[in-house]
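**Student:** Okay, here's the structure, questions in a sec.
The values are calculated or read from the model by the stated rules, or taken from the named source; none is laboratory data. Since we're looking at a predicted model, the values are computed, not measured. Here the Cβ positions follow ideal geometry from the backbone for every residue, glycine too, while neighbour counts run over all protein chains shown.
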Ligand code: NAD
């Protein structure tokens, strides 16, 4: 059970074990950094290698466990997490800082993913085809890839690990996972739930510690067969090289610079609501968060006034009783404040926020005001680089054509939305937006769990998709059988 100021162990081969380094790392509450929430193992490559050995040893038996039995364990784990939802939500708010409603929603998503893939585990199969010879059976089986190495970020500390883990286990893979060091607690809670649900030893292993030690070992160790990474484009591109050099199947899902295009037919208030919820939700720390509003000059002034109103009315404070929590760490806060300064130096106009809020409740935490810049040009850094904080850059365009071109004028392509009352424009946007997720009259954030998710351009390796049936594809390999017995 999760307890404040616990020192928590790694989960390897069904046991709770300490790192051989003897070192631990504290996780602080970003709303009140003097409070240590829990301590975790500061593991090294040898600890990671032990976890891979356990996963390799457990592989054959798990791969041959009937799908419905694997599904039963996933369902039971989901049910255990459901019973502990309040506790998990507490942990998420304390470690990552997000607002309570957002944390509860994320925990529920993890539970729902377990239940979804519990059913999928029974449905796994293949296809039978008509053979050319009279006596032959010709069919295709889906087999597990082997040992999956998962490396995950801090911004959705339970949902992202689970959307990789659940399909991997459902398909019969064993797993080693390295969570981000800012908020690893909920992944250990997931391990506890799976353990209690009866998952055999070694099928799932969690090792906390630095990415360059633990993550690297998982990626390079010859015992792992597939690497699924979510995180920044900078690290992800290195991981991709490392994994392909080691001959692994790899998927990387990375950063974004997501636009919402507001056309002249849009209602400015509706568009501002869509941009504000997409841009400021989860403190602007979603990979799909809206960071560029690309607005037709006809509705520009009204839109800006509506967006500023919304930015200024957001209640910022500790996540348990406020609408928007802090940034997850000091370095994330500094990164956002740096970009606010860069934007001003580049000539953008600050029209809302731009600093840290004041008041007793927020004086020590990593809080930042929801921020809006206008007069942004597409070649400015604030319009090109991922900020990962609650900062929206507003760009003025003269028509839909220009809006579409500006939307695509970035190296990223994760999520893109358009607000319009014109069906032709909506269809053009769907056809031409360079993004893995395209939305009409919706915010850029918010995903369904049963459809593929992944980016274009620098937002993804574009090798495989996650979630839904596409999530299972990554963790399975086809074997074609010509049976003339
Ligand atoms: P990050 O790249 O700093 O870290 C991600 C993970 O990689 C962490 O567990 C980290 O410890 C590990 N790591 C770091 N260096 C490593 C190395 N050399 N080898 C192996 N592993 C290493 O990202 P972050 O700051 O945790 O997360 C924020 C980023 O993630 C943002 O860019 C965001 O857009 C992106 N993100 C993308 C998606 C998506 O699905 N596209 C979802 C969420 C977050």
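**Student:** Kindly indicate whether any position in the stretch 89-102 is surrounded by fewer than 21 Cβ atoms within 10 Å (Cβ to Cβ), within 22 Å of the chain's Cα centre (by Cα), over 28 Å from residue 479 (Cβ atoms) and within 16 Å of the ligand (Cβ to nearest atom).
**Tutor:** no
**Student:** Check off (1) touching a strand residue (DSSP E or B) at 6+ places or on another chain (Cβ under 6 Å); (2) closer than 30 Å to residue 307 by Cβ for residue 265 and give me the number that stays unchecked.
**Tutor:** (1)
**Student:** Give 23, 69 a once-over and let me know the one that is free of Cβ contacts under 8 Å to residues at least 60 places away in the same chain and within 29 Å of residue 172 (Cα to Cα).
**Tutor:** Values: 23 fails: within 29 Å of residue 172 (Cα to Cα).
On inspection, the qualifying residue turns out to be 69.
**Student:** Please give the number of the condition residue 381 fails out of (1) in contact with a helix residue (DSSP H, G or I) (Cβ under 7 Å, 6 or more places away or on another chain); (2) buried (at least 22 other Cβ atoms within 10 Å of the Cβ).
**Tutor:** Going through the list (1) in contact with a helix residue (DSSP H, G or I) (Cβ under 7 Å, 6 or more places away or on another chain); (2) buried (at least 22 other Cβ atoms within 10 Å of the Cβ), residue 381 breaks only (2).
**Student:** Answer with yes or no whether residue 74 is crowded, with 16+ Cβ neighbours inside 10 Å, within 20 Å of the chain's Cα centre (by Cα) and in a helix (DSSP H, G or I).
**Tutor:** Answer is no for this residue.
**Student:** Still on this structure: Return the only residue of 17, 107, 56, 36 being at negative phi, modelled with pLDDT of 95 or more and buried (at least 23 other Cβ atoms within 10 Å of the Cβ).
**Tutor:** 107
**Student:** Do you know which of the residues in the stretch 242-272 that are under 23 Å from the mean Cα position of the chain (by Cα) and away from the ligand (no atom under 16 Å from the Cβ) is surrounded by the most Cβ atoms within 10 Å (Cβ to Cβ)? Write out each step before concluding.
**Tutor:** So the first thing to find is which residues in the stretch 242-272 are under 23 Å from the mean Cα position of the chain (by Cα), and the list is 242-244, 248-260.
Next, from what is left, pick out any that are away from the ligand (no atom under 16 Å from the Cβ): 249, 260.
Numbers: 249: 19, 260: 29.
Selected residue: 260.
**Student:** A follow-up question, please. For the stretch 171-226, how many residues are in a helix (DSSP H, G or I), more than 9 Å from the ligand (Cβ to nearest atom), touching a strand residue (DSSP E or B) at 6+ places or on another chain (Cβ under 6 Å) and farther than 24 Å from residue 82 by Cα?
**Tutor:** 0
**Student:** OK, next. With 376, 406, 391 as the choices, which residue is touching a strand residue (DSSP E or B) at 6+ places or on another chain (Cβ under 6 Å), within 16 Å of the ligand (Cβ to nearest atom) and in contact (Cβ under 8 Å) with a residue 24 or more places away in the chain?
**Tutor:** Values: 376 fails: within 16 Å of the ligand (Cβ to nearest atom); 406 fails: within 16 Å of the ligand (Cβ to nearest atom).
Only one candidate qualifies: 391.
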